[in-house]
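First the structure, then my questions, so here it is.
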Amino acid sequence: MNTATQDSMSRYWELEPHHHPEGASTSIGFWVYLMSDCLMFAVLFAVFGVLGSSYAAGPGPKDLFDLELVAVNTAMLLLSSITFGFAMLAMAKGNQSGTLRWLAVTLFFGLCFLAIELYEFHHMIHVGAGPQRSGFLSAFFTLVGTHGLHVTFGSIWLVTLMMQITRKGLIPANQRRMTCLSMFWHFLDVIWIGVFTFVYLLGMI
């Protein structure tokens, strides 16, 4: 390729606009993050599968779990997923007040979930069933606690997003943030269904 051709191509690339969909890299990056989170939880589920029956002569699931309380906790998280869906519908209609209202309800259910989970942890530690008691309890606290930390982070993100929407409205950037948070929140629901089934229900059988 001669010098004149190279100069011509260089001027073309400088002058020709190359448009990419706004926010495309954000969505791709967030999907990559969710996939990495999937791998992390897969490892934690595998660890629990290995250590889930290592009670070390200590209490097991039937001695510790209150399925009625766990069912209420599960309902809190599933309801929060539904209300987030209503927030997304309100956003699609350009209804800022409705979006904020449904996000607030979502936050309420998320905080209820965290409160019940903290109560469960406190009760187990109070009766001497802390994470250092056995392999089963170490794996349990690690898996369930990691999920709880994700819900905590999601709740903080939710409050931040509500502040951004209040200040700037439903601008495209805030809509992208809501979409990412929606994926994250529903992802946590799916993980919790796995926890509820694999840890609590199978543990009581």
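Can you give the helix-only mean residue ellipticity at 222 nm for the chain, where every DSSP H stretch with n ≥ 4 adds -39500 (n - 2.57) and the sum goes over all residues, rounded to the nearest 500 deg cm²/dmol?
Computed mean residue ellipticity for the chain: -27500 deg cm²/dmol.
Expressed as a whole number of Å, what is the distance separating the alpha-carbon centroids of the stretch 150-173 and the stretch 38-85?
Distance between centres, Cα-based: 28 Å.
Is any helix in the chain, taking whole DSSP H runs, at least 30 angstrom long along its axis by alpha carbon and on average at least -1.0 on the Kyte-Doolittle scale, and which ones?
Helices passing the filter in the chain: 24-51, 67-92, 96-126, 135-168, 172-195.
What whole-number value in Å² describes the accessible area per residue of the chain for a 1.4 Å probe?
With the other protein chains kept in place, the chain gives 55 Å² per residue.
How large a share of the accessible area of the chain, in percent, is made up of carbon and sulfur atoms when the probe is 1.4 Å and the other protein chains stay in place?
Answer for the chain is 68 percent, counting heavy atoms of protein chains only.
Let me ask something additional. Answer rounded, prolate or oblate for the chain, using the Cα gyration tensor with square roots of eigenvalues a ≥ b ≥ c: rounded when a/c is under 1.5, else prolate when a/b is larger than b/c, else oblate.
oblate
Among 122, 186, 150, what's the order by accessible area (1.4 angstrom probe), most exposed first?
Largest accessible area first, the list is 122, 186, 150.
Which residue, 178, 124, 76, tops the fluctuation ranking in a GNM of the chain built on C-alpha contacts under 10 Å?
Answer for the Gaussian network model of the chain: 124.
The values are calculated or read from the model by the stated rules, or taken from the named source; none is laboratory data. Predicted model, so just to flag it, every value in this text is computed and none were measured. These area figures cover heavy atoms from the full protein model, side chains too; ligands, DNA and RNA do not enter into them. Shrake-Rupley method; radii C 1.70, N 1.55, O 1.52, S 1.80 Å.
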